[in-house]
Each structure stands twice: as C-alpha cells, then as structure tokens.
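To start, the structure under review is shown below, and the notes come after it.
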Amino acid sequence: MRERIKNPSLIQWIEEITALCSPSKIHLCDGSEEEYNQITSQMVKAGTLVPLDAKKHPGSFWCRSHPDDVARVEENTFICSEKKEDAGPTNNWKSPAEMKKKLIELFGGCMKGRTLYVIPYCMGPLGSPSSRIGVEITDSPYVVLNMRLMTRMGDAALKQLGNGPFIPGVHSVGVPLKPGQKDVAWPCNPAVRTIAHFPETRAIWSIGSGYGGNALLGKKCFALRIASVLGRDEGWLAEHMLILGLTSPEGEKKYIAAAFPSACGKTNLAMMTPTLPGWKVECVGDDIAWMRFGKDGRLYAINPEAGYFGVAPGTSFKTNPNAMKTISRNTLFTNVALTPDKDVWWEGIGKEAPLHLTSWLGESWKLGSGKPAAHPNSRFTVSSKQCPIYDPKAEDPKGVPISAIIFGGRRSSVIPLVFESFNWQHGTFLGASVSSETTAAAKGEMGKLRHDPFAMLPFCGYNMGDYFAHWLAMGKKTDAKNLPRIYYVNWFQKNDQGEYLWPGYGENSRVLKWIFERVSGKAKAIETPIGYIPEKLDFSEIFVKDPARLFHIDRAAWIKETEELSHYFKLFGDHLPKEIHSELEALKKRLFS
Ligand code: SAT
Ligand code: MN
C-alpha cells in the first residue's frame, strides 16, 4: 500500500487510524470494476446482498439494512466547533476536546476482525479547480460499493490528490468481531451512533450506522457540512440543491438550481420529462451543488457527486421515467421489497405487487398486510453515467452557469405554486424562511412542519445565522444583473379534502417555463406582497380544478406565517443579519397595506 500512496500525511493518518481501530486487514481501494465485483461476490456469500435477475436487472443487487438503521440520525449528528456559538442554535454541539475523547473510546478496537478499507475519492469532476479530495476509512464493504457509485473513487482520486490536502473521514459500523465470531448481514450499533464534524480541523468521524448520509461521508458530511464551512471561508456556496439544464423549444438553454429538503422530489425535478411539448430537461445533479462566481461574474455550479442515492417509493415510469431507466442495471437497492423472481418492488412503482414479496424486513409480505413492503426511505444507488438525460456539461470542470435558484418545501397550504423574489436580498430571506413537513429521510416523526432554512437545516456546518449573512455577502460579489433570480415553489398544496391541488412531476415544466421566460425578460408577472406571481401560467392541455387557488395569497395566513418567522428568527440572536430582519418587517408592512 505504501508504494501506491505518495502522500505522507495520508500514510501517517492511515497508520494512526489503523492503530486505533485494530482491523485484521487493510485494503486500499483502486476503484476498479474487478474490485467492485470482488466485494459484491464476497457480500453475496455473506448474505448481505442478493443478486437480482440478470435479465431484469443486470449487475444489480438487493440489500436490507437493520430495521433500526434506515435513515439519517439528526439527534446523533454533531458540529464540534471550538465555540458553541459557531455551531449555532440549529446544530447539536460538543466541544472538540470532549468529542475527541469520546471518539477515541468508541473507535478503540472497533474494527477488530474486519477489513479496514481506505477510499480515496474526489468530490467534483476530476481536474476541476472546484473539486476537493476526501479519504474515507471504513469497515463497511457496503459503503465501499456506494462510494464507488456515488463519487469518483480510487486510483484516479489518489492521483489527483498527489501531495495535496484531503478531508479525512473515519467510519465504522461499530461492531468489532471476536475471533471466530460470525458476522451478521447488516452490522450496526445504534447505541453508540455518533456522527461528528470538526469544522475547524476539517475532519469527520462516524460510528454505529451503515446507512446513507450517516456512512457515505462524501455526501452530507463532506459535500455539505464541511464544504459549507469551506465555502464560507473561501467565498463560495455548498448547497443542498439539484442542478438541471432546461432547453426551450427554440433551442435556448438555461441552468437552474433548486433546494428542497430530503425526500421532497429533487431527483424527480432534476430528471423531469416535461409535459410541455418542445421543452427538454437534462440532469447535472440531484442533491448537491457547489457554486462560485466565474470570471464573467456569473454563478457557476458543479455537482460534487457522481451518482444518485434516490428515494425508491413513488418512483415509476409515470413519475420519473428517466430514473427508472437509470436504475435498470448496475444498481444497488437498499430496503425495497424483493419479488420471488428476483426483481424489485416498492409502493408507487406503477405496477401491482405480485402475490408474494419479501419485504424490506425480510418477512413474507402479502397485499393488504397493512405495512409497506418497501421502507419509505428505501433507496437506489446508481452512477450518474447511466442517466439517459445526463447533461453534456455535467462533467465540465468549469461548471454550468446558473440563471435561477428555486427554494421549496412540502407545504399543504399558505405557499402558492410559484413566486419570484424582488431581488437577491429578498430571495435570501425566502431561503431563510423555508419550512417543510418532515419526511422519512431522517429518523423521527413524519409530516411535522418544521423550519428548514435553504433545505440546509440538517446540513449546515456552522451557525445558520452566519450562513444567511454569507448568502447576503455572496450577492454583493457581482453585478446584480449577473445574479441568478430567486424563486419559491410549492408543489404540495392540498384542498379541503386533502387532495393535491397540483399534479406535479412533468407538469412542473409549466412552472420551469415561466421561470425560464422571466429570466429571459419575456414572461409577465403580478406584484403581490410576497413577491411576483405569474400573470399567466401555461395551462394548455391540462385540467386544473382550481387554478386561482394555486396562486391565492391568504393574507391572514401569511400574517401568521410572519409572526411565526419573527419568533423563529429570534433563535439566531445577534447572528441574524439585519437585512433578514428588515425583509421580514417589509413583508409584514406589505401584508398590512
Ligand atoms: O441519507 S442521505 O442523507 O444521503 C439522504 C438525504 O437525507 O438526503
Ligand atoms: Mn439530500
């Protein structure tokens, strides 16, 4: 291994972690297909993976997690800055010294009987000046497979690292094996679950969970929590945003970034098939955007990831045909249901369940059993390369120029289908004001309305008030004419019977069209107290029961909303930028006028 690694601080760190964790073997990942195949066969033998039917799903596997390890665990996620104030009121905080002490205890001997994998990976296109290198040490072969699908991983990343800096991340399932002890299919240790970030020394430690964002440290831990801190210090943005390219029937193309909380439809929007004739969407990314200003003063975005970790339930040929094509092969399915003929099934897949299934719990499942066959946060992991509408510029080292930024959440009322901010400062206020009903992506109650500023509540690595200030500062870095316009959307309004008012999915192209034409200076808008709403949305060939209600602004409800926000913003004390406060006051005034 030493011969393959030229970076002395990487060698030293691996030695340190090896001494602490006492694995029985070490494996430096090269990222090759042989390595991937070797690990999958070993996991099939161990009973962790089940190969799917080679005709229906070539190169794909089914995997079940432990029932208590199914989503991100926000209550066990910590930002360990020297000062509590720097983690801010929305993060769990522990002092670095105290956390380090705890971690040394928890990680001591934690990899006994297991293989320690070293995963060098690159977040962002190889060779891009915006890309960053991370190295994850893990004792989970499942993590290795996911990291290969989700990032540029192995020798290429190691080569790009050279002698340069990297973000170290240590991950363990937290289940050491005694000599001769047989492993379980999904080892995890909920009792010790801790996901710790050190924003000042730029390190990540995670133990006890093998699932998603808890364990794939390149994703939320690095590309959002640590990267948001890098962005603050270096003048760029790390955001929980999809990136899509939108082409008009005339062949003009614009790029749009959009932030929605987890499991609110980012993947569906990023890969959308527009119902409006002549319009085309192409996908740059479905979860994370790193954005910085280019020499021309415009904001450019790269997708630091190279794959999708998408929510399976609800994904069908009707809702997201491009995702269905993407996951037709070489895909890892976690916590969906398995059919007797080794195919996958989930609620909302668009076809009836066969008579018998094996549920995500490994139990035999029958229609009408009352419990879902697939876990609501079951996922597919797949490389972006397989996306049939992968944007030709998705790997451009420069990134793509962003014309519009969209914020949104899951709101059954109050927020109209779409509105436009007056300017960047007002748009920043809109981002700060996002609330959304909770989903299965995080452990805890579902459907509960909570504030989720910029859809970054679980992902901001520093004081959220300072993060608002960073957004405001970014808006001053370039001419106002170069800044993307900022929008707020809500696909999830319901009527009094609890039915959705808007069909969503491909029909959202009507909203994208309006945004596109606003940015081009073509579409007209009506000024309201909350922002600009469309004078006219393209409702051609669609029946919408109550179009006026989609854009209705209920003043009383909005006044309540502002009162709620006043209360919420107090949380940030003197970290709340005065501009956010004055935007809220201005909104109140407009609502009362
Ligand atoms: O588990 S993940 O954090 O990767 C998914 C999500 O919550 O967005
Ligand atoms: Mn996400």
Show that you can apply the helix-only estimate: for the chain, add -39,500 (n - 2.57) for every DSSP H stretch of four or more residues, divide by all residues, and state [θ] at 222 nm to the nearest 500.
-> -7500 deg cm²/dmol
From the Cα centre of segment 7-49 to that of segment 499-577, the distance in Å is 48
Taking a straight Cα-to-Cα line shorter than 18 Å from K513, and setting aside same-chain aspartates and glutamates fewer than 8 residues away, one finds E250, E252, E282, E420, E535, D538, E541
Once both axes come from the Cα atoms, what is the angle between helix 8-21 and the longest principal axis of the chain, in degrees from 0 to 90, rounded to 10?
-> 70
What percentages, rounded to whole numbers, describe P(r) for segment 227-315 computed over all alpha carbon pairs with 10 Å bin width beginning at zero?
-> 17, 43, 31, 9, 1
For segment 1-87 the mean separation of alpha carbon contacts under 8 Å (6+ apart) over residue count, i.e. relative contact order in percent, is 12
Under the Karplus relation 6.51 cos²θ - 1.76 cosθ + 1.60, θ = phi - 60°, what is the ordered set of whole-Hz ³J(HN,Hα) values for segment 418-427, x standing for Gly and Pro?
-> 7, 8, 10, 6, 6, 6, 4, 4, 5, x
Pop out the ³J(HN,Hα) list for segment 226-234 in order, Karplus 6.51 cos²θ - 1.76 cosθ + 1.60 with θ = phi - 60°, rounded to Hz; leave Gly and Pro as x.
-> 6, 5, 5, 6, 4, x, 4, 6, 10
Just tell me which aspartates and glutamates come within less than 13 Å, Cα to Cα, of K83; anything on the same chain fewer than 8 places away is out.
-> E98, E200
Charges only on Cβ, +1 for Lys and Arg, -1 for Asp and Glu: so what's the dipole of segment 33-99 about the Cα centre, in debye to the nearest 20?
-> 320
Assuming 1.002 mPa s and 20 °C, estimate D for segment 307-400 with Stokes-Einstein, Rh taken as the Kirkwood radius over Cα pairs, in µm²/s.
-> 152
Extension length gain for E527 and S369 (0.36 nm per residue less Cα distance), in nm, is 51.8 nm
If you place +1 on the Cβ of every Lys and Arg, -1 on the Cβ of every Asp and Glu, and leave all else neutral, what size is the dipole of segment 320-366 about its Cα centre, to the nearest 20 Debye?
-> 180
Of all DSSP beta bridges having both residues in the chain, the percent classed as antiparallel (nearest 5) is 65
Computed over the chain: longest principal axis from alpha-carbon atoms vs helix 96-107 long axis, angle to nearest 10 degrees, is 40
Listed residues W62, A223, G362: farthest to the positive end of the dipole of the chain (Cβ charges) | W62
Once the Cα gyration tensor of segment 488-593 is diagonalised, semi-axes √(5λ) in Å = 29, 18, 13
If you plug each phi of segment 329-335 into the Karplus form 6.51 cos²θ - 1.76 cosθ + 1.60 with θ = phi - 60°, what whole-Hz ³J(HN,Hα) values come out, in order, with x for Gly and Pro?
-> 7, 6, 10, 9, 9, 10, 6
The answer for L116, listing residues at least 5 apart or on another chain whose modeled amide H is closer than 5 Å to its amide H, is S24, K25, I26, H27
Kindly work out what percent of the DSSP beta bridges joining two residues of segment 1-146 are antiparallel, to the nearest 5.
-> 60
Quantify how much of the Cα-Cα distance distribution of segment 236-378 extends past 25 Å, in percent.
-> 39
Say the cut-off is 32 Å between C-alpha atoms; which of K25/K55; K56/K280; K45/K371; K159/K385; K371/K570; K398/K448 go over it?
-> K25/K55; K371/K570; K398/K448
Using the beta-carbon distance between E105 and E200 and R0 = 25 Å, what value does 1/(1 + (r/R0)^6) give for FRET efficiency, to the nearest 0.05?
-> 0.70
Please work out the Kirkwood hydrodynamic radius for segment 408-480, using every pair of different C-alpha atoms, and report it in angstroms with one decimal place.
-> 13.6
Relative contact order (percent, whole number), segment 114-249, Cα cutoff 8 Å, 6+ residue spacing = 20
May I ask for the angle, rounded to the nearest 10°, between helix 578-592 and the longest principal axis of the chain, with both axes built from Cα atoms and the value confined to 0 to 90°?
-> 40
Show which aspartates and glutamates lie in cross-link reach of K295 when reach means a straight Cα distance below 16 angstrom and same-chain residues fewer than eight apart are skipped.
-> E234, D396, D479
Lys and Arg at +1, Asp and Glu at -1: neighbours of K84 with Cβ under 14 Å from its Cβ sum to -4
Counting pairs of alpha carbon atoms under 8 Å apart in space and at least six apart in sequence, what relative contact order in percent does segment 286-354 give?
-> 26
Would you mind ranking Y121, Y300 by Cβ crowding within 10 Å, fewest neighbours first?
-> Y300, Y121
Rg/Rh ratio calculated on Cα atoms of the chain (Kirkwood radius) = 0.96
Dipole of the chain, Cα-centred, from +1 at each Lys and Arg C-beta and -1 at each Asp and Glu C-beta, to the nearest 20 debye?
-> 320
Please give the net charge around D496, taking every other residue with its beta carbon less than 14 angstrom from that of D496, where Lys and Arg add +1 and Asp and Glu add -1.
-> 0
In Å, the Kirkwood hydrodynamic radius from C-alpha pairs for segment 125-262 sits at 17.0
Amide H partners (placed H, <5 Å) of A373, local residues excluded | E347
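Laboratory data are not the source of any read-out in this text; all were calculated from the coordinates shown. A quick note: this is a predicted structure, and the numbers were derived from the prediction, not measured. Here the Cβ is made from the backbone with ideal geometry for all residues, glycine too, and neighbour counts use every protein chain on show.
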